[in-house]
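Q: So that we are looking at the same thing, I have put the structure below in structure tokens.
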Amino acid sequence: MTIGVFDSGAGGLSVVAAIRALLPEQEIVYFADTAFVPYGSRSDGEILERTRLCCARLLEHDIRALVIACNTATANAIDAVRAWAPVPVIGVEPGLKPGAAATRSGVVGVLATAATLASRRYAELLRRTRDEAPEVRFVAHAAEGWVELVESGRIDTPVAHETVRASVTPLLQAGADTLVLGCTHYPFLRCAIEAVAPGVAIIETGPAIARELARRLRTAARDSDTAAGAPAARLRLESSGDTNRLAALAARLLPETETK
Ligand code: DGL
């Protein structure tokens, strides 16, 4: 059986890459809300509504788990989706705890969308992490224009380096030696981030989501006594907009993955 992965656009493909690295046999159907990307500047109500609609589309595929591979959608809608989805729902949050564990300077920079940083869920995550690591300071920045760079495929270009520099410089000036990528699009800008901030630890959450998914699938397989894994492990792409364009972008972002 397949699993569903959802994002506002192509960013969740960074989570798909981590899932495929851990569970290469797992069939995946990916839905991108390309007609409404970016979510980061939308209202809470719009994000909730779009996330519900897109997750409903994925549930039409008889999926056995649903990954909301979008920090912004998780922050605004995961509780609502969990309340009605008949399968395990796994979300993604900025990796503040791994960031706190990685920093030596005691300052962690957090890059995410404006909607994620403004959410109650993020405020609670920050409070919990501060309780556990009171010596660490978190400096957050809404990374303006990063999602658009990835959506347009301009990931290792002069404009990408300039845009990344504008967001990362204030964090470095604040003393950050660790950058948390709190949006699933941002790992695709890793080259630009490393060029602008050499030697800085970069925290992304895709591998942790993949491990959590594997754990949930093992539990579900035990409960229903069905075998995990499927012989055909291709990635199926769907979108609310131009799916051919999404496929072309996916071929650039995940060059080793066969899609259908
Ligand atoms: N990929 C998204 C995230 O993880 C959403 C980006 C956007 O649509 O603004 O937050």
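Q: Looking at (1) open to solvent by 10 Å² or more (accessible area, probe 1.4 Å); (2) in a helix (DSSP H, G or I), find the lone condition where Gly199 falls short.
A: (2)
Q: So the check is Cβ under 6 Å with 6+ separation or different chains; which pairs have a first residue in the range 64-85 that's in contact (Cβ under 8 Å) with a residue 40 or more places away in the chain and open to solvent by 10 Å² or more (accessible area, probe 1.4 Å) and a second one that's charged (D, E, K, R) and within 16 Å of the ligand (Cβ to nearest atom)?
A: Hits for this filter: Ala75/Arg121; Asn76/Asp44.
Q: Can you tell me which residues in the range 161-190 are buried (at least 24 other Cβ atoms within 10 Å of the Cβ) and either within 16 Å of the ligand (Cβ to nearest atom) or within 14 Å of the chain's Cα centre (by Cα) (or both)?
A: Result: Val164, Leu179, Val180, Leu181, Gly182, Cys183, Thr184, His185, Tyr186, Phe188, Leu189.
Q: Does Thr169 satisfy being of a type in the set (Ser, Thr, Tyr) and either within 19 Å of Gly95 (Cα to Cα) or touching a Ser or Thr at 6+ places or on another chain (Cβ under 9 Å) (or both)?
A: Values: of a type in the set (Ser, Thr, Tyr): yes; either within 19 Å of Gly95 (Cα to Cα) or touching a Ser or Thr at 6+ places or on another chain (Cβ under 9 Å) (or both): no.
For Thr169, the condition - of a type in the set (Ser, Thr, Tyr) and either within 19 Å of Gly95 (Cα to Cα) or touching a Ser or Thr at 6+ places or on another chain (Cβ under 9 Å) (or both) - is not met.
Q: So which residues in the range 111-132 are surrounded by fewer than 21 Cβ atoms within 10 Å (Cβ to Cβ), in contact with a strand residue (DSSP E or B) (Cβ under 9 Å, 6 or more places away or on another chain) and either farther than 14 Å from Asn76 by Cα or without any contact (Cβ under 8 Å) to a residue 60 or more places away in the chain (or both), if there are any at all?
A: Answer for the range 111-132, where residues must be surrounded by fewer than 21 Cβ atoms within 10 Å (Cβ to Cβ), in contact with a strand residue (DSSP E or B) (Cβ under 9 Å, 6 or more places away or on another chain) and either farther than 14 Å from Asn76 by Cα or without any contact (Cβ under 8 Å) to a residue 60 or more places away in the chain (or both): Ala118, Leu126, Thr129, Arg130.
Q: Among the residues of the range 14-33, write down those that are more than 10 Å from the ligand (Cβ to nearest atom) and touching a helix residue (DSSP H, G or I) at 6+ places or on another chain (Cβ under 8 Å). Walk me through it before giving the result.
A: Residues of the range 14-33 that are more than 10 Å from the ligand (Cβ to nearest atom), as a first pass: 16-31.
Scanning the range 14-33 gives Ala17, Ala18, Ile19, Ala21, Leu22, Leu23, Gln26, Ile28, Val29, Tyr30, Phe31.
Q: Moving on. Only residues that are in contact with a Ser or Thr (Cβ under 7 Å, 6 or more places away or on another chain) and open to solvent by 50 Å² or more (accessible area, probe 1.4 Å): list them for the range 142-160, please.
A: Answer for the range 142-160, where residues must be in contact with a Ser or Thr (Cβ under 7 Å, 6 or more places away or on another chain) and open to solvent by 50 Å² or more (accessible area, probe 1.4 Å): just Glu144.
Q: Let me ask something additional. May I ask you to list the residues in the range 219-254 that are open to solvent by 90 Å² or more (accessible area, probe 1.4 Å) and at pLDDT 90 or above?
A: Answer for the range 219-254, where residues must be open to solvent by 90 Å² or more (accessible area, probe 1.4 Å) and at pLDDT 90 or above: Arg236, Asn244, Arg245, Arg252.
Q: Looking only at the range 113-141, count every residue that is within 28 Å of Gly45 (Cβ to Cβ) and in a helix (DSSP H, G or I) and tell me the total. Steps first, please.
A: The first filter runs over the range 113-141 and keeps only residues within 28 Å of Gly45 (Cβ to Cβ), leaving 113-129, 138, 140-141.
Going one step further and asking which of them are in a helix (DSSP H, G or I), we end up with 114-118, 120-129.
Qualifying residue count for the region: 15.
Q: What are the residues in the range 36-46 that are more than 12 Å from the ligand (Cβ to nearest atom), open to solvent by 50 Å² or more (accessible area, probe 1.4 Å) and among the small types (Gly, Ala, Ser), if any? Before you say what the answer is, go through the steps one by one.
A: At the first step, the residues of the range 36-46 found to be more than 12 Å from the ligand (Cβ to nearest atom) are 43-45.
Remaining after also requiring open to solvent by 50 Å² or more (accessible area, probe 1.4 Å): 43-44.
Hit for the range 36-46 is Ser43, nothing else.
Q: If you go through the range 166-174 one residue at a time, do you hit one that is in a helix (DSSP H, G or I), out of contact with any strand residue (DSSP E or B) (no Cβ under 6 Å at 6 or more places or on another chain) and modelled with pLDDT under 95?
A: There is no residue in the range 166-174 that is in a helix (DSSP H, G or I), out of contact with any strand residue (DSSP E or B) (no Cβ under 6 Å at 6 or more places or on another chain) and modelled with pLDDT under 95.
The values are calculated or read from the model by the stated rules, or taken from the named source; none is laboratory data. All values reported here derive from a predicted model rather than from experimental measurement. Cβ: placed from backbone, ideal geometry, glycine included. Neighbour counts: every protein chain shown. Ligands, DNA and RNA are stripped out before the accessible areas are found, and what is left, the full protein with its side chains, is counted by its heavy atoms. Shrake-Rupley method; radii C 1.70, N 1.55, O 1.52, S 1.80 Å.
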